[in-house]
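Student: I have a structure here, written as structure tokens, and I will follow up with some questions on it.
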Amino acid sequence: MEIVNEGWVFKQSKYLKKLRKRYIILTKNFICSFKSEYYQAEKPTESFYCLFFFFF
């Protein structure tokens with residue numbers, strides 16, 4: 001898995017609408033969020049397949 005970019009973001013929770021701090025990994029085809037930056041040892045909290053994306 002080649003990482004294009006990674007870092008901390010705040011995302012709004014789906015149901016309670018609270019802000020949650022997540023560590024995001026951006027690869028060529030996926031965006032994955034994790035609870036910590038030690039993502040190798042945990043499953044993603046969310047994962048999205050990206051057919052196309054533009055990075056500025």
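All of the numbers you see were taken from the coordinates with simple rules; none came from a lab. Note that this is a predicted model, so its numbers are computed, not measured. Here Cβ is always computed from backbone atoms with ideal geometry, including for glycine, and neighbour counts include all displayed protein chains.
Student: Please find, within the range 10-24, the residue that is nearest to GLU46 (Cα to Cα) out of those that are touching a Ser or Thr at 6+ places or on another chain (Cβ under 8 Å) and of a type in the set (A, V, I, L, M). Talk me through it step by step, then tell me what you get.
Tutor: As a first pass, look at the range 10-24 and keep what is touching a Ser or Thr at 6+ places or on another chain (Cβ under 8 Å): 11, 19-20, 22-24.
Next, from what is left, pick out any that are of a type in the set (A, V, I, L, M): 19, 24.
Working: LEU19: 15, ILE24: 10 Å.
The residue in question is ILE24.
Student: Can you pull out every residue in the range 17-47 that is under 10 Å from the mean Cα position of the chain (by Cα), surrounded by fewer than 13 Cβ atoms within 10 Å (Cβ to Cβ) and more than 17 Å from GLU2 (Cβ to Cβ)?
Tutor: Selection gives GLU46 alone.
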